[in-house]
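This report concerns only the one structure given below.
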Amino acid sequence: MKEPVRKTKHPYLAGVVIACVVGAYVYLIASEEKFPEPGPNLVYDIRKFEEVDHVDTRFAEMAPIALNLEDARALEIDGEGNLYVAGKDAIEVFGPDGKSVSRIPVEGTPTCLEFTPDGRLLVGLEDHIDVLDGDRKRIATWGNFTERSMITAIAANEEDIFLADAASRCVLRLDPSGKVIGRIGETDEARDIPGLEVPSPYFDLAFDEDGELWVVNPGKLGLERYRSNGDIVTSWYRASLELDGFSGCCNPTHIAFNSKGRLVTCEKGLVRVKIYDVSTGFFEELVVGSRSFVVPQGVRDMIVDASDRILVLDPRKNAVRIFEQTETQLASHAKETE
Amino acid sequence: MSERKKLDRRDFMRGAAAFAFTGATWMAVGEKAEAKYWQLDPAKCTQCGRCTTHCVLNPSAVKCLNQFDICGYCDLCFGYLQPGSRNLDTGAENQLCPTAAIERWFIEAPYYEYKIHEDKCIGCAKCVKACLVFGNGSFYLQIRQDICINCNECSIAKSCPSDAFSEVPESEPYIYLTGDTHLAHPPT
């Protein structure tokens, strides 16, 4: 006897189910990632370099000074503790309490500022310098120092004014009237001068507590000390990715001395502010490491005030960030050293 | 009472042909829309490495360029040398580039020029990141329009974590690096 054939009431149901399964499979295959992720050999991992400075420091960050300036580039402090911050077309002056007190108009964007011992304010504007008197009025403009100049730093004492010229890759020595009377740091085998290597417009100089001129040799990742006549006295270089050295193509970008005669340095790329014994070049301590800054970054300027607070001009935050040893930290450090 | 003429097939074909001819003529003589090409913005690029692996071409159409007016011509070039290289020379063990696409040329002591051989470059951006972090940031990636096949949906753009890809007009097919690009770089 023949079995009766069972007929479904929905003859298309099986076909629809099969089509759905096949469709879902095809969709999943099609949407699957076809491209592999780049392996470790194709990625530059900077975390291991950043971790080097992830250590505790004795410095704490204070409330920053927010700027109402475009393209802020330079810092300076006068004898009364007023902070001068130069940006596009203006220098903003802040009182010792951090409040804005005045604004000095300038033509252009200053790259550096410096007070002379007689109270004049020298404003570096790439290839020339505007000289402002005590009332902050322009009384002179000095220029045409070399065929091409990029003035990145100024240091002045009673006798001389020194300009760090990144374009000419040397330090220009000026008399108090602005006349060029010498060039420092150019290669001279007879005088045992290796030559300043300046690959970028980060080129700084400063006087130490004895009034000696220290010049950064950024390409060699170190410092050189010169006499005003251009003779080199000493030098040290610290090329290293470790905390005690300088990394990258051109560092340190900025230097300053604190009241104890210690050298404070600032680096770009992985921003690190550190303290060195300038005479030996020995690393002493970290002020602030790269985790406090957006990486990569070039800090625009760094100075040390009379209270040994370290002021850093941060272009990403458009603010002056202040790092200071707190009393608790000072006390604990004193205890440690005992 | 007038009798309405019935539209036959021949009339319909004539009308359609006239419409098509008019449209084609208008498109030919009218203002032509500018072609668009895929390009990546160096200010947004985070050097993730996907330009190497996610392009439909192999090697990728994304190549590294050196903006010479930003380059420091450094002896110690982090874009060229492995971090911590003992010797600053062209030894293979010292080179950062996985395909040795960067050539180091002596200019004058102590400055060197770094040329990129695009036929070897795979667009991994290792040199770009190293130069950006430790140097002047003169290396940057661009899609070479003479190599790119301009896919309708760029597979790198689709997977770019920083949304750096966009379509640019034919008249400006490249986005060049400027001094301000460095500051505009996003956090890594």
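Work out the length of the dipole vector of the protein assembly as shown about its Cα centre, built from +1 on the beta-carbon of each Lys and Arg and -1 on the beta-carbon of each Asp and Glu, and round it to the nearest 20 debye. Numbers along the way, then the final one.
On the way: 57 positive and 80 negative charges, 833 e Å.
Charge dipole of the protein assembly as shown: 4000 debye, to the nearest 20.
Which of the trypsin sites (Lys or Arg not before Pro) across the stretch A:82-165 are loop residues per DSSP, with 14 or fewer other Cβ within 10 Å? Mind dumping the intermediate values first?
Values: sites: A:88, A:99, A:103, A:120, A:136, A:137, A:138, A:148; in loops: A:88, A:99, A:120, A:136, A:137, A:148.
Answer in residue order: A:88, A:99, A:137, A:148.
Any chance you could give the angle, 0 to 90 degrees and rounded to 10, that helix A:13-31 forms with the longest Cα principal axis of chain A?
20
Quick one: which residues, 5+ away or cross-chain, put their amide H under 5 Å from the amide H of residue A:72? H built at 1.01 Å from N.
So residue A:72 has HN proximity to A:88.
Using only atoms on other chains, find how many Cβ atoms lie within 10 Å of each Cβ of peptide A:34-42 and report the average.
Values: counts 3, 10, 4, 6, 11, 5, 1, 4, 12.
Per-residue shielding by partner chains comes out at 6.
Along the charge dipole of the stretch A:69-337, which of A:294, A:243, A:258 sits closest to the positive end, that is, farthest toward it, with unit charges on the beta carbon of Lys, Arg, Asp and Glu (+1, +1, -1, -1)?
Farthest along the dipole direction, towards plus: A:294.
Which loop trypsin sites (Lys or Arg not before Pro) in the stretch A:157-240, with loop taken from DSSP, have no more than 15 other Cβ atoms within 10 angstrom of their Cβ?
Numbers: sites: A:169, A:173, A:179, A:183, A:191, A:220, A:225, A:227, A:238; in loops: A:169, A:179, A:227, A:238.
Here the trypsin sites (Lys or Arg not before Pro) that fit, given the DSSP loop and packing criteria, are A:179, A:227.
Could you tell me which of rounded, prolate or oblate describes the stretch B:36-184, using a ≥ b ≥ c as the square roots of the eigenvalues of the alpha-carbon gyration tensor, with rounded for a/c under 1.5 and, failing that, prolate when a/b is larger than b/c and oblate otherwise? It would help to have the intermediate numbers written out before the result.
On the way: a/c = 2.04, a/b = 1.69, b/c = 1.20.
It is prolate, given that a/c is not under 1.5 and a/b is the larger ratio.
Looking at chain B as a GNM with Cα springs under 10 Å, which of B:115, B:126, B:158 has the largest mean-square fluctuation?
Highest fluctuation among the options: B:158.
Rounded if a/c is under 1.5, else prolate if a/b is larger than b/c, else oblate: which is the stretch A:177-290, with a ≥ b ≥ c the root eigenvalues of its Cα gyration tensor? Spell out each step's value before the answer.
Numbers: a/c = 1.80, a/b = 1.46, b/c = 1.23.
The shape class here is prolate.
Divide by every residue of chain B the summed helix terms, -39500 (n - 2.57) for each DSSP H run of at least 4, and state the resulting mean residue ellipticity at 222 nm, rounded to the nearest 500 deg cm²/dmol.
Details: 5 runs with 43 residues, N = 188.
Helices in chain B give a 222 nm mean residue ellipticity of -6500 deg cm²/dmol.
Where does the charge balance sit around residue B:162 when Lys and Arg score +1, Asp and Glu -1, over other residues with C-beta under 15 Å from its C-beta?
Numbers: positive: B:44, B:50, B:129, B:158; negative: B:41, B:163.
Charge balance near residue B:162 sits at +2.
Among all stretches of chain B without exposed GluC sites (Glu not before Pro) (DSSP loop, at most 13 other Cβ atoms within 10 Å), which one is longest? Walk me through the numbers before you get to the answer.
Numbers: sites that count: B:3, B:31, B:34, B:153, B:170.
The reported range is B:35-152.
P(r) of chain A in 10 Å steps, Cα pairs, percent per bin?
With a bin width of 10 Å, the distribution comes to 5, 23, 29, 18, 7, 4, 4, 4, 3, 2, 1, 1, 0.
Size of the dipole of the stretch A:69-337 about the Cα centre, Lys and Arg at +1 and Asp and Glu at -1 on the beta carbon, nothing else charged, in debye to 20? Numbers along the way, then the final one.
Working: 30 positive and 47 negative charges, 162 e Å.
It comes to approximately 780 debye.
Mind checking which of A:185, A:161, B:19 is farthest towards the positive end of the protein assembly as shown's charge dipole, using Cβ charges of +1 (Lys, Arg) and -1 (Asp, Glu) about the Cα centre?
Of A:185, A:161, B:19, it is B:19.
Of the residues A:239, A:190, A:74, which exhibits the maximal mean-square fluctuation in a Gaussian network model of chain A defined by a 10 Å Cα contact cut-off?
A:190
For the stretch B:11-24, just list the computed ³J(HN,Hα) in residue order, Karplus coefficients 6.51, -1.76 and 1.60, θ = phi - 60°, integers in Hz, with x standing in for Gly and Pro.
4, 4, 5, 4, x, 5, 5, 5, 5, 5, 5, 4, x, 5
To the nearest 20 debye, what charge dipole does the stretch B:36-184 have about its Cα centre, counting +1 at the Cβ of each Lys and Arg and -1 at the Cβ of each Asp and Glu?
460
Note down the relative contact order for chain B as a percent, whole number, built from C-alpha pairs under 8 angstrom at least six residues apart.
Details: 283 pairs, mean separation 65.6, N = 188.
This gives 35 percent for chain B.
How tilted is helix A:327-337 with respect to the longest principal axis of chain A? Cα atoms for both, answer in degrees (0 to 90, nearest 10).
The two axes meet at around 80 degrees.
Per-residue HN-Hα couplings for the stretch A:254-271, Karplus 6.51 cos²θ - 1.76 cosθ + 1.60 at θ = phi - 60°, whole Hz, x for Gly and Pro?
Karplus values, whole Hz, x for Gly and Pro: 9, 9, 7, 10, 8, 5, 8, x, 7, 8, 9, 10, 10, 10, 9, x, 7, 6.
Explain nothing, just the number: relative contact order of the stretch A:69-337, from Cα pairs under 8 Å at least 6 residues apart, as a whole percent. Let's see the in-between values first.
On the way: 666 pairs, mean separation 26.7, N = 269.
Reported as a whole number, the value is 10 percent.
With the cut-off at 1.5 for a/c, could you classify the stretch A:32-187 from its C-alpha gyration tensor as rounded, prolate or oblate? Display every interim value, and only then the final one.
Working: a/c = 2.25, a/b = 1.58, b/c = 1.43.
Taking the square roots of the gyration eigenvalues as a ≥ b ≥ c, the stretch A:32-187 is prolate.
Every read-out reported here was derived from the displayed coordinates using simple, explicitly stated rules and does not represent laboratory data. Owing to the predicted nature of the structure, the values given are computational and were not obtained by experimental measurement. Note: ideal-geometry Cβ built from the backbone for every residue, glycine included; neighbour counts use all protein chains shown.
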